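**Student:** The following block contains the structure, expressed as structure tokens.
The values are calculated or read from the model by the stated rules, or taken from the named source; none is laboratory data. This one's a predicted model, so the numbers in the text were calculated from it and none came from an experiment. Heads up, the Cβs are rebuilt from the backbone with ideal geometry, glycines too, and the neighbour counts pull from every protein chain shown.
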Amino acid sequence: EQLFVGDQVLRVTARNEEQIALLRVLGEQEELQVDFWRHPNIPGHPVDLRVPFPNLQGVKKLLDFRNFSYSIMIEDVQELLDEEKESMRRSRR
Amino acid sequence: VKRSSRTFDFASYHTIDEIYDWMDVLVEDHPKLVSKIQIGQSYENRPLYVLKFSTGGSNRPAVWLDTGIHSREWITQATGVWTANKIAQEYGQDPSVTAILDSMDIFLEIVTNPDGFAFTHSSNRLWRKTRSINAGSRCIGVDPNRNWDAGFGGAGSSSNPCSETYHGPHAHSEKEVRAIMDFIRAHGKVKSVISIHSYSQMLLFPYGYRRAPAPDHQEMNELAKKAVSDLAAVFGTKYTYGSIANTIYMAGGTTIDWAYDNGVKYSFTLELRDSGRYGFLLPSSQIVPTATETWPALLDIMVHVLEHPY
């Protein structure tokens with residue numbers, strides 16, 4: 001079973017087409033393993049990307065360096081998944 | 001103890017086995033209205049089940065609904081379950097549902113990507129694609145919403161099997177996609193296709209593979225406007241609407257573009273709600289509110305289809 005301990009989902013707002021293009025490039029870098037939950041499309045619309053824990057610092061640095069505005073939408077994906085599992089277990093019981 | 005669709009917990013997420021079992025219970029509870037048909041098998045040989053809501057007649061016009069083609073979007077399968085129950089309950093009670101089903105059939109595929117859905121329960125909660133093996137690649141799966149023969153391989157889809165938007169080796173390569181295509185083609189009188197996704201709070205219509213407006217753009221735009229307004233009236237959830245290409249992004253090979261290009265005029269895709277904090281991990285407490293607010297929008301589209309035969 002794949003675990004997502006420490007993975008975060010970042011909500012990024014791209015200001016212009018150039019930033020949209022940068023986010024797309026970020027998504028294409030296989031080593032970063034970024035998973036878009038909401039794809040970059042229109043400037044001003046939120047883009048959500050899940051970033052594996054080992055790559056968090058790198059991705060955040062990159063976003064800071066390029067002056068992206070972003071917030072942490074989900075602090076720890078695994079915590080939410082555990083809650084979801086527990087809720088299903090309770091419901092089944 | 002006799003099984004009953006009334007004891008099912010609609011406010012919880014369920015596995016594929018639980019949903020498939022529940023479908024049988026729904027059929028048992030409404031034998032004159034609901035039946036279960038199998039339209040094919042998935043890549044891993046799971047049955048592809050569709051609920052048919054019909055009051056009789058032969059070869060009636062029909063509405064097609066599908067939920068969960070992207071397996072990790074759990075709120076959609078859960079909304080599909082709730083919606084199936086709602087349709088069954090409201091026939092004979094709600095005048096709109098009764099009028100629709102007195103003239104048309106409704107087909108609802110709740111678990112449109114069963115292999116992916118089973119995988120989200122066993123191995124990777126965040127799996128989106130099918131589970132087919134890609135020759136020559138270590139990466140598994142095809143995005144079934146980029147696999148249709150409508151602008152296949154175009155913008156917004158990827159030729160890289162490791163991408164979440166991989167379009168597949170050829171159009172309709174995925175058994176899950178092909179089964180729907182074969183079914184709709186063979187049926188011949190499907191007048192509306194509504195494919196349900198999450199999460200972005202949108203009601204979209206063709207085209208996705210090109211920016212030019214569809215010939216029926218104005219009518220669909222007006223219908224979408226009414227549907228999102230009625231949806232918002234329930235809990236105030238705001239949806240945007242418009243063509244896929246102009247509202248989100250260019251996307252080749254999508255379900256509703258294929259449907260539209262193949263004569264299904266009322267082709268829509270819904271992106272269900274998110275509070276902006278959970279994404280695909282929307283808490284189960286939001287299932288019933290999400291499904292409840294989606295219902296009037298679905299009803300608007302189905303009533304429009306009923307009132308505008310073509």
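**Student:** Within segment B:99-117, identify whether any single residue is at pLDDT 95 or above, within 14 Å of chain A (Cβ to nearest Cβ), closer than 30 Å to B:ALA291 by Cβ and in a loop (DSSP other than H, G, I, E, B), and answer yes or no.
**Tutor:** Within segment B:99-117, not a single residue is at pLDDT 95 or above, within 14 Å of chain A (Cβ to nearest Cβ), closer than 30 Å to B:ALA291 by Cβ and in a loop (DSSP other than H, G, I, E, B).
**Student:** Still on this structure, please answer the following. Would you pick out the residues in segment A:17-34 that are outside any helix (DSSP H, G or I) and within 19 Å of A:PRO46 (Cα to Cα)? Before you say what the answer is, go through the steps one by one.
**Tutor:** Restricting attention to segment A:17-34, the residues satisfying the condition of being outside any helix (DSSP H, G or I) are A:29, A:33-34.
Listed by number, the list holds a single entry, A:VAL34.
Residue-wise test of (1) among the polar types (S, T, N, Q); (2) in contact with a His (Cβ under 8 Å, 6 or more places away or on another chain); (3) surrounded by 24 or more Cβ atoms within 10 Å (Cβ to Cβ).
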{"residue": "B:ILE75", "(1), (2), (3)": "no, no, yes"}
{"residue": "B:TRP82", "(1), (2), (3)": "no, no, no"}
{"residue": "B:ALA88", "(1), (2), (3)": "no, yes, no"}
{"residue": "B:THR112", "(1), (2), (3)": "yes, no, yes"}
{"residue": "B:GLY116", "(1), (2), (3)": "no, yes, yes"}
{"residue": "B:SER132", "(1), (2), (3)": "yes, no, no"}
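**Student:** Is there any pair linking a residue in segment B:261-285 that is among the basic types (Lys, Arg) to one that is outside any loop (DSSP other than H, G, I, E, B), with Cβ under 6 Å and at least six apart or on different chains, and which?
**Tutor:** Here the result reads B:ARG273/B:THR290, each pair linking segment B:261-285 to a residue that is outside any loop (DSSP other than H, G, I, E, B).
**Student:** For the subset of segment A:36-51 comprising residues that are outside any loop (DSSP other than H, G, I, E, B) and closer than 8 Å to A:ALA14 by Cα, which member is modelled with the highest pLDDT?
**Tutor:** Per the stated criteria, the residue is A:VAL47.
**Student:** Same structure, new question: Quick check on this structure: which one of B:ALA155, B:ALA84 is part of a helix (DSSP H, G or I) and either within 14 Å of chain A (Cβ to nearest Cβ) or hydrophobic (A, V, I, L, M, F, W, C) (or both)?
**Tutor:** None of the others qualify; the one that does is B:ALA84.
**Student:** Ok, one more. Just one of the numbered conditions (1) under 30 Å from B:ASN134 (Cα atoms); (2) in contact (Cβ under 8 Å) with a residue 40 or more places away in the chain is not true of B:TRP22; which one?
**Tutor:** Failed condition: (1).
**Student:** Shifting gears a bit: Any residue in segment A:52-66 that is at the interface with chain B (Cβ under 8 Å from one of its Cβ atoms) and either polar (S, T, N, Q) or part of a helix (DSSP H, G or I) (or both)?
**Tutor:** no
Residue-wise test of (1) of a type in the set (A, V, I, L, M, F, W, C); (2) crowded, with 16+ Cβ neighbours inside 10 Å; (3) more than 18 Å from B:ASP274 (Cα to Cα).
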site: A:ASP35; (1), (2), (3): no, yes, no
site: A:VAL47; (1), (2), (3): yes, yes, no
site: A:PRO52; (1), (2), (3): no, yes, yes
site: A:GLN57; (1), (2), (3): no, no, yes
site: A:MET73; (1), (2), (3): yes, yes, no
site: A:LEU81; (1), (2), (3): yes, yes, no
site: A:GLU84; (1), (2), (3): no, yes, no
site: A:ARG90; (1), (2), (3): no, no, yes
site: A:ARG93; (1), (2), (3): no, no, yes
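**Student:** When you scan segment A:74-93, how many residues do you find that are in contact with an Asp or Glu (Cβ under 6 Å, 6 or more places away or on another chain) and either among the acidic types (Asp, Glu) or in contact (Cβ under 8 Å) with a residue 12 or more places away in the chain (or both)?
**Tutor:** So the answer is 1.
**Student:** Please count how many residues of segment B:253-287 are within 17 Å of the chain's Cα centre (by Cα) and at pLDDT 95 or above.
**Tutor:** Total satisfying the criteria: 19.
**Student:** Checking A:THR13 against (1) within 14 Å of chain B (Cβ to nearest Cβ); (2) touching a helix residue (DSSP H, G or I) at 6+ places or on another chain (Cβ under 8 Å); (3) polar (S, T, N, Q), which single condition isn't satisfied?
**Tutor:** (2)
**Student:** I've got another one for you. Six or more apart or on different chains, Cβ atoms under 9 Å: show the pairs whose first residue is in segment B:40-54 and under 13 Å from B:VAL111 (Cβ atoms) and whose second is hydrophobic (A, V, I, L, M, F, W, C) and surrounded by fewer than 17 Cβ atoms within 10 Å (Cβ to Cβ).
**Tutor:** Short answer, once both residue conditions are applied: B:TYR49/B:ILE37; B:VAL50/B:ILE37; B:LEU51/B:ILE37.
**Student:** Output the number of residues of segment B:118-146 satisfying the condition of being within 14 Å of chain A (Cβ to nearest Cβ), assigned to a loop (DSSP other than H, G, I, E, B) and of a type in the set (A, V, I, L, M, F, W, C).
**Tutor:** Counting residues in segment B:118-146 that are within 14 Å of chain A (Cβ to nearest Cβ), assigned to a loop (DSSP other than H, G, I, E, B) and of a type in the set (A, V, I, L, M, F, W, C) gives 3.
**Student:** Where residues in segment B:272-294 are touching a strand residue (DSSP E or B) at 6+ places or on another chain (Cβ under 8 Å) and small (Gly, Ala, Ser), which of them is farthest from B:ALA78 (Cα to Cα)?
**Tutor:** Ranking the candidates gives B:GLY276 first.
**Student:** Additional query: Scan segment B:255-304 for residues that are among the β-branched types (Val, Ile, Thr) and under 20 Å from A:ASP48 (Cβ atoms) and report the count.
**Tutor:** Count: 2.
**Student:** Looking at segment A:1-10, which of the residues that are closer than 21 Å to B:GLY276 by Cα and within 12 Å of another protein chain (Cβ to nearest Cβ) is surrounded by the fewest Cβ atoms within 10 Å (Cβ to Cβ)?
**Tutor:** A:GLN8
**Student:** Counting residues that are charged (D, E, K, R) and surrounded by fewer than 16 Cβ atoms within 10 Å (Cβ to Cβ), which helices (runs of 4 or more DSSP H) fully inside segment B:214-287 reach at least 2? Steps first, answer last, please.
**Tutor:** Details: elements: B:217-235, B:244-247, B:255-261.
Here the list reads B:217-235.
**Student:** Quick one: how many residues across segment B:36-81 are hydroxyl-bearing (Ser, Thr, Tyr), farther than 18 Å from B:ARG128 by Cα and assigned to a loop (DSSP other than H, G, I, E, B)?
**Tutor:** Total satisfying the criteria: 3.
**Student:** Give the residue that is farthest from A:LEU49 (Cα to Cα), with candidates limited to residues of segment B:87-98 that are part of a helix (DSSP H, G or I) and touching a Phe, Trp or Tyr at 6+ places or on another chain (Cβ under 8 Å). Steps first, please.
**Tutor:** Filtering segment B:87-98 down to residues part of a helix (DSSP H, G or I) leaves B:87-90, B:95-98.
From the residues that got through so far, the ones that are touching a Phe, Trp or Tyr at 6+ places or on another chain (Cβ under 8 Å) too are B:87-88, B:97-98.
Details: B:ILE87: 36, B:ALA88: 38, B:VAL97: 40, B:THR98: 43 Å.
Among those residues, the one meeting the criterion is B:THR98.
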